[in-house]
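Below is one structure, written out as C-alpha cells; comments come after it.
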Amino acid sequence: METYTIIKKGSSINHCLPIPLEFNDIDLEITIKPVRKGSGCRKKIEMLLKKNESINPFSEISDPVKWQKEIRSDW
C-alpha cells in the first residue's frame, strides 16, 4: 500500500483540519494512505453458514457442560 508523507506548517492546514493552536507555527509531518476496504470476512462466513445450514457440528454433544470442560482442559 502506498503512503505519502509531507511536511507542512500547521497554519497552512488548520483551515481543513482542526489542530491545536500550539501547532500553528511548527512543521507537521502528515502521512496519507488509502483506507483499506473490509476484507469481506463477514459476508464469506454468512455465505458458508447458509451453504452448510443443514450441517450441525454439535449435534452429537449430549452434555455441553462436560464437553466445554474437556475442551478447556486442553489449554
Other-chain or far-sequence residues with amide H under 5 Å of residue 28's (modelled H): 8, 9, 10
Using θ = phi - 60° and Karplus 6.51 cos²θ - 1.76 cosθ + 1.60, couplings along the range 53-60 (whole Hz; Gly, Pro as x): 5, 7, 8, 10, x, 9, 5, 8
Under 30 Å, Cα to Cα: Lys pairs in the chain, sequence gap 8 or more or different chains: 11
Angstrom value of the Kirkwood radius, inverse mean 1/r, which spans all Cα pairs in the chain: 18.4 Å
Test item: Cα-centred dipole of the chain, Lys/Arg +1 and Asp/Glu -1 on Cβ, debye: 400 debye
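Each reported figure results from applying straightforward, stated rules to the coordinates on display, with no laboratory input. Note that the coordinates shown come from a computational prediction; the quantities given were computed from them, not determined experimentally. Glycine gets a Cβ as well: all are built from the backbone with ideal geometry, and neighbour counts include every protein chain shown.
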